[in-house]
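Below: the structure, in structure tokens.
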Amino acid sequence: MTASPLRPLALALLLPGLLAACTGTEETPPSLRLAVLTDGGATVRTVTPGSGASDVSVPLGQDNRGVTLDTLPGGTRVALTLTSGIESRDVNLANPVPFAALPFTPVCLTSTVLSAARDRLLTLSDCATASGGSVNGPQQLALYRTDGSLVWTALLPTFTPPSSTTDRPPVRIAVIGDRAVVARPALGGGSETIRVAPENTGDIVATATLPLATPAIRDLAPLGNVIYAATDTGIQPLTDLGVPNAAATVGAFGSGRVDRLWTSASTGGASNLIAAWRDTTLSGNGSEPLRLWDNTRASAVIVANIAELRDVSFGIDGNLYALTRTTLTSYDTVFGLGQGNWNPTQLAGGLNDARAVTWLVP
């Protein structure tokens, strides 16, 4: 988890131009379909840009709501995390195939993340958060391979969150290989991080370290072999101990507070893009800039000013898909970074409490 230099501009962004120069033909980006979790997680639906295709809307119900969506390798199936477990579905959100059952009860999944290598999914069961249960309810992790088989599970140390909810850091998770990191609010203020990994190769139960106090961590996201943290003083890589390294703050984003952080690696797009956003509900502004960095310029650029941003997904078509509480909009990162023309296109409006978005190859 030690910081390492980021790579130059991703080949995926340059490939169309290279192909055109070498062959005299223009490479056509693939047409994608978007999967969107909406209605507070009670519905998952598709949005197919510009094709006139018939989209589907699948009710999930109130008792087993959707939590998040992740594109599986190959792009033709999506991992849908429900509060009760994870299942993969096809591009029409049909033919569900459950991931391996978790060996603990109850199961109250609250978040799932994909590794930058896109070979592992880490999910968190947090019954206190999910159901409003006891303050000291159990928190448990499970690490899956993307074929749905279970790698390991782990019980985290007892969690006693601060009584005040004012600007309390959220619980966030991230994974590199078979090693995971959890950041959660600390009783004395700020955050605490826990590192989780198997002691021996092949162990099906991993070991969690004791919590380590850190400054407030607002979000986590992987890029290459590094996990980056969104903090009140900028974007910082985690050290091997799981602490944000302030001396290595990513200068392109400055030293201001960041609440949400996305990297293109974990969603299958070009592998070196970082997007960051300040939560407008906390800043008091109507909107805040969604900023994007490609590791080639001194400062991140503004894609758009956005309010109520819920999720971002980087498609293999070169588009960034931004989901707010009510709308889904695409932005062209190739022309945006190259010419300042983001070509914003609203793909869906009138959504109700949208939560997550990802792409699929129809």
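The values are calculated or read from the model by the stated rules, or taken from the named source; none is laboratory data. Remember, predicted model here, so these are calculated numbers, not experimental data. Here Cβ is always computed from backbone atoms with ideal geometry, including for glycine, and neighbour counts include all displayed protein chains. To get the accessible areas, we keep the full protein, side chains included, count just its heavy atoms, and leave off ligands, DNA and RNA. Shrake-Rupley method; radii C 1.70, N 1.55, O 1.52, S 1.80 Å.
Per-residue SASA remark: Ser264, around 0 Å² accessible (1.4 Å probe; ligands, DNA and RNA not included). Accessible area per residue for the chain, computed on protein heavy atoms with a 1.4 Å probe, is 42 Å². The Cα center of the stretch 49-69 and the Cα center of the stretch 150-176 differ in position by 28 Å.
Only protein heavy atoms count here; under a 1.4 Å probe, Ser266 has an accessible surface of about 20 Å². At q = 0.13 Å⁻¹, what is the log10 ratio I(q)/I(0) for the stretch 126-235, with the Debye formula run over Cα points and no solvent? So the normalised log intensities work out to -0.50. Dividing the Cα radius of gyration of the stretch 34-81 by its Kirkwood radius returns 0.99 for Rg/Rh. Within the listed set Gly242, Gly254, Gly234, the residue fluctuating most in the Gaussian network model of the chain (springs between alpha-carbon atoms under 10 angstrom) is Gly254.
On a per residue basis, the convex hull of the C-alpha atoms belonging to the stretch 175-333 measures out at 133 Å³. Counting only protein heavy atoms and a probe of 1.4 Å, the accessible surface of the chain is 52% carbon and sulfur. For the stretch 335-362 versus the stretch 33-48, the spacing of their alpha-carbon centroids is 13 Å. Alpha-carbon geometry of the chain: the Rg and the Dmax are 19.6, 64 Å, given in that order. Pairs of C-alpha atoms in the stretch 284-362 farther apart than 16 Å represent 51 percent of all such pairs.
Using the alpha carbons alone, the radius of gyration of the stretch 182-275 stands to its Kirkwood radius in an Rg to Rh ratio of 1.00. For a modelled paramagnetic label at Phe335, 7 Å from Cα along Cα-to-Cβ, the residues of the stretch 32-65 in reach, with backbone nitrogen under 16 Å, are 50. Estimated purely from DSSP H runs of n ≥ 4, each contributing -39500 (n - 2.57), the mean residue ellipticity at 222 nm for the chain is -2000 deg cm²/dmol once divided by its residues.
Ranked by the mean number of other Cβ atoms within 10 Å of their residues, highest first, the peptides 196-202, 321-327 fall in the order 321-327, 196-202. Computed from backbone phi, the HN-Hα couplings of the stretch 159-164 come to 9, 10, x, x, 6, 7 Hz, rounded to whole numbers (Karplus: 6.51 cos²θ - 1.76 cosθ + 1.60, θ = phi - 60°; Gly and Pro given as x).
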